[in-house]
Every structure is written in structure tokens, then in C-alpha cells.
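A short worksheet on the structure shown next.
The values are calculated or read from the model by the stated rules, or taken from the named source; none is laboratory data. All values derive from a computational prediction rather than experimental measurement. No Cβ is skipped: glycine too gets one built from the backbone with ideal geometry, and neighbour counts run over all protein chains shown. Note: areas computed on protein heavy atoms with side chains; ligands, DNA, RNA excluded. Shrake-Rupley method; radii C 1.70, N 1.55, O 1.52, S 1.80 Å.
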Amino acid sequence: AFRDCSALTNVTLPNSITSIASQTFQDCSALTNITLPNSLISIGETAFFGCNELSSITLPNSLTSIGTSAFYQCSALSSLSLPNSLTSIETSAFAYCSALTNITLPNSLATIGNFAFFECNGLISIDLPISLTSIGTSAFANCSALTEVTVAWQMPITINSGVFLGLTLSGITLKVPEGEITTYEAASVWTDFSPISAVHNLTKTACGNFEFGDSTYTVSG
């Protein structure tokens, strides 16, 4: 529909739209802003492929799937918050998004496809939700800036060594649920991370001002 519209900079889509099909905005190289409607359910393959000026995008809470190579080589995309309705991220969906430093993966997400975040070499940390059941080969391969991975499963899911291909896992911190360090130390691939540390859930009840860790709170609760 708008492929190769190289001067298009801004798009607002109406609330009647439920899907963005394959190649709809592919290679719209000047596109910097798009407003997606709350009716949107799916983004098709290569929909925003090569939109290398797109620096941010708000994905609506109606969205359930992001197709193959949907945001491939969106090299200006710097932050990404995925909605709690999302269940799948397909192959190479965010590959070569080199400006991406942080991603928030929702607790609705079940699958991350092969090469989904391949060579996102600005990515510093990832938090894998408990809903996630499979991570494809090379999903986070060559993410050379990655220093920390946090997981929510009590029992680690099975992944192959190619998920983090090209990375030295012994230099990446793995944070796991409290009490599960030995479980991850015995699990294939996960055991290669170092250090493996626990995420502690801490609580404190107080009235008025109080200190907790290295923070001072001024409201009770």
C-alpha cells in the first residue's frame, strides 16, 4: 500500500484497522512517526522493513502477533515496550535494530522466533517472562552489548546453544528466581552464564519515613 514512499514522514491509522499486511510500509525510509490504533491485532511480515528513521513506536494493547521481519533493520528504533496482549514475535522481527537498548517483554508472550533480535548490538539487558515457552535459534545472537538476562521460570525452559550465538555467556549475568541458582547451574546453556545470581523479593512495612536498602522513602506503605 505505501511501500517505497520515501518522503512519507508521519502516519495516523484509524480505529477501524485490525491488521497491517505484508510490506505495507516497507522501505518508507523517512517515516519517523506512526500512530497505531487500539483495534490493531496483527502486524504482517516486513510491514516496516527498512524504516530506518523510525525511532519509537507505541504498540497497542490489542496486538497479538508481530510477523516475520516486521521491523527488520529499523536501525533508529531505540526503545520498545510490547503490549500485554502479545503472544508471538516471529522470525527476524526486530533483527538489526541496532539502536535498541532495552525491551520490555510482556507476561502474555509465548514464543520468540528464530533471529528475532539478531544483531541488536545496542541491547544491554533482557527480562524473559514466565509465560515464554520457546526461544528460537539465534534469537539473541550477536547482541554484543548484552550484560544481563533475567528469567522468571522456577524450572528453566530448554533452549539450544544457538539462542545466544556469538556471545561469551561467562561474561553475562543471569538473574534467576530466589532459591533456583543450583537448578540453573545444572541446566544446559543456562549453566554457561556467569555469575548466576538470585532475584530477591523484599518487603518492609513501616509508618512514615523509613530507609530500605540504599533508598529513603518519605511515604508509608
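Taking segment 111-127 on its own, how many of its residues are assigned to a strand (DSSP E or B) and modelled with pLDDT of 95 or more?
Step one: list which residues in segment 111-127 are assigned to a strand (DSSP E or B), which gives 111-112, 125-127.
Next, from what is left, pick out any that are modelled with pLDDT of 95 or more: 111-112.
Result for segment 111-127: 2.
Among the residues of segment 189-207, is there at least one that is part of a strand (DSSP E or B) and closer than 16 Å to residue 117 by Cα?
Initial filter on segment 189-207 (part of a strand (DSSP E or B)): 196-199.
If we keep only those that are closer than 16 Å to residue 117 by Cα as well, we get none.
Scanning segment 189-207 turns up no residue that is part of a strand (DSSP E or B) and closer than 16 Å to residue 117 by Cα.
Condition first: assigned to a loop (DSSP other than H, G, I, E, B) and surrounded by 18 or more Cβ atoms within 10 Å (Cβ to Cβ). Now tell me which residues in segment 60-74 satisfy that.
Taking segment 60-74 and keeping what is assigned to a loop (DSSP other than H, G, I, E, B), we get 60-64, 67-74.
Residues satisfying the conditions are 63, 67, 68, 69, 70, 71, 72, 73, 74.
Go over the candidates 134, 108 one by one and state the one that is out of contact with any Gly (no Cβ under 7 Å at 6 or more places or on another chain) and at pLDDT below 95.
Details: 134 fails: at pLDDT below 95.
Of the residues listed, the single one that is out of contact with any Gly (no Cβ under 7 Å at 6 or more places or on another chain) and at pLDDT below 95 is 108.
Could you say which residue among 43, 57 is under 22 Å from residue 14 (Cα atoms), open to solvent by less than 50 Å² (accessible area, probe 1.4 Å) and under 14 Å from the mean Cα position of the chain (by Cα)?
Details: 43 fails: under 14 Å from the mean Cα position of the chain (by Cα).
The unique qualifying residue is 57.
Exactly one condition in (1) over 21 Å from residue 21 (Cα atoms); (2) within 14 Å of the chain's Cα centre (by Cα); (3) assigned to a loop (DSSP other than H, G, I, E, B) is not met by residue 86; state its number.
So residue 86 meets the others, but not (1).
For residue 119, only one of the following conditions fails: (1) farther than 18 Å from residue 159 by Cβ; (2) surrounded by fewer than 17 Cβ atoms within 10 Å (Cβ to Cβ); (3) among the acidic types (Asp, Glu). What is its number?
Among (1) farther than 18 Å from residue 159 by Cβ; (2) surrounded by fewer than 17 Cβ atoms within 10 Å (Cβ to Cβ); (3) among the acidic types (Asp, Glu), the lone unmet condition for residue 119 is (2).
Which numbered condition in (1) part of a loop (DSSP other than H, G, I, E, B); (2) within 11 Å of the chain's Cα centre (by Cα) is the only one that residue 103 fails?
(1)
For segment 2-50, enumerate the residues that are of a type in the set (Ser, Thr, Tyr) and not in a loop (DSSP other than H, G, I, E, B). Write out each step before concluding.
Residues of segment 2-50 of a type in the set (Ser, Thr, Tyr): 6, 9, 12, 16, 18-19, 22, 24, 29, 32, 35, 39, 42, 46.
Hits for segment 2-50 are 12, 19, 35, 42.
Is it true that residue 158 is under 24 Å from residue 106 (Cβ atoms), hydroxyl-bearing (Ser, Thr, Tyr), in contact with a strand residue (DSSP E or B) (Cβ under 9 Å, 6 or more places away or on another chain) and part of a loop (DSSP other than H, G, I, E, B)?
Numbers: under 24 Å from residue 106 (Cβ atoms): yes; hydroxyl-bearing (Ser, Thr, Tyr): yes; in contact with a strand residue (DSSP E or B) (Cβ under 9 Å, 6 or more places away or on another chain): yes; part of a loop (DSSP other than H, G, I, E, B): yes.
Yes.
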